[in-house]
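Engineer: Starting off with a structure, shown below.
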């Protein structure tokens, strides 16, 4: 079984991000910045971004709850540039093949996989890796309970699975 891992900062992550083509690079950056699930990211429309330069509004598929998610200044700026001049009801990550639809999780996975291979990263990067990377970064500054609350996990064991090293299942040293 292949387990998607998190991608901490450093040369692996920089190489991976550098090889990702747009719009997948921005998708990855927003995912790492927010910890949102890939399905929630792909459903973001231009209207959810414009006017909210510090973040985006998202209705989570799993919980059906609407929430405002903050972005770092650099990611917010990149996202606003990407949607400039586009229609409000267009998806931020619009499908180039199917008008009026977002790109698919499978298309994102393929782009991430190609970038992983091109960058020579020896980790399994999937569509959930951005969320796990966010969780791990947050855990390094806080505790399991905070990460659990932000990710909206019901059980701490789910959160621990996210923040542990997938190969050794070890957390902070």
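Engineer: Mind checking whether some residue in segment 68-75 is under 18 Å from residue 47 (Cβ atoms), in a loop (DSSP other than H, G, I, E, B) and touching a strand residue (DSSP E or B) at 6+ places or on another chain (Cβ under 8 Å)?
Structural biologist: Within segment 68-75, one or more residues are under 18 Å from residue 47 (Cβ atoms), in a loop (DSSP other than H, G, I, E, B) and touching a strand residue (DSSP E or B) at 6+ places or on another chain (Cβ under 8 Å).
Engineer: Could you give me the residue pairs with C-beta distances under 7 Å whose first residue belongs to segment 28-47 and is in a strand (DSSP E or B), whose second residue is surrounded by 23 or more Cβ atoms within 10 Å (Cβ to Cβ) wherever it lies, and which are 6+ apart or on separate chains?
Structural biologist: These pairs meet every condition: 45/92.
Engineer: Just for segment 24-59: of the residues that are in contact with a helix residue (DSSP H, G or I) (Cβ under 9 Å, 6 or more places away or on another chain) and farther than 23 Å from residue 95 by Cβ, which one is modelled with the highest pLDDT?
Structural biologist: Out of the qualifying residues, it is 35.
Engineer: Determine, yes or no, whether residue 62 is exposed (fewer than 12 other Cβ atoms within 10 Å of the Cβ), in contact with a helix residue (DSSP H, G or I) (Cβ under 9 Å, 6 or more places away or on another chain), modelled with pLDDT under 95 and over 30 Å from residue 148 (Cβ atoms).
Structural biologist: In short, no.
Engineer: In segment 115-160, which residue that is free of Cβ contacts under 8 Å to residues at least 12 places away in the same chain and surrounded by 15 or more Cβ atoms within 10 Å (Cβ to Cβ) is farthest from residue 42 (Cα to Cα)?
Structural biologist: Taking the candidates together, the pick is 148.
Engineer: Of everything in segment 78-113, what is without any contact (Cβ under 8 Å) to a residue 24 or more places away in the chain, part of a helix (DSSP H, G or I) and either more than 17 Å from the chain's Cα centre (by Cα) or under 20 Å from residue 54 (Cβ atoms) (or both)? Give them in sequence order.
Structural biologist: Passing the criteria: only 81.
The values are calculated or read from the model by the stated rules, or taken from the named source; none is laboratory data. Computed from a predicted model, the values in this text were never measured in an experiment. We place every Cβ from the backbone using ideal geometry, glycine too, and count neighbours over all the protein chains shown.
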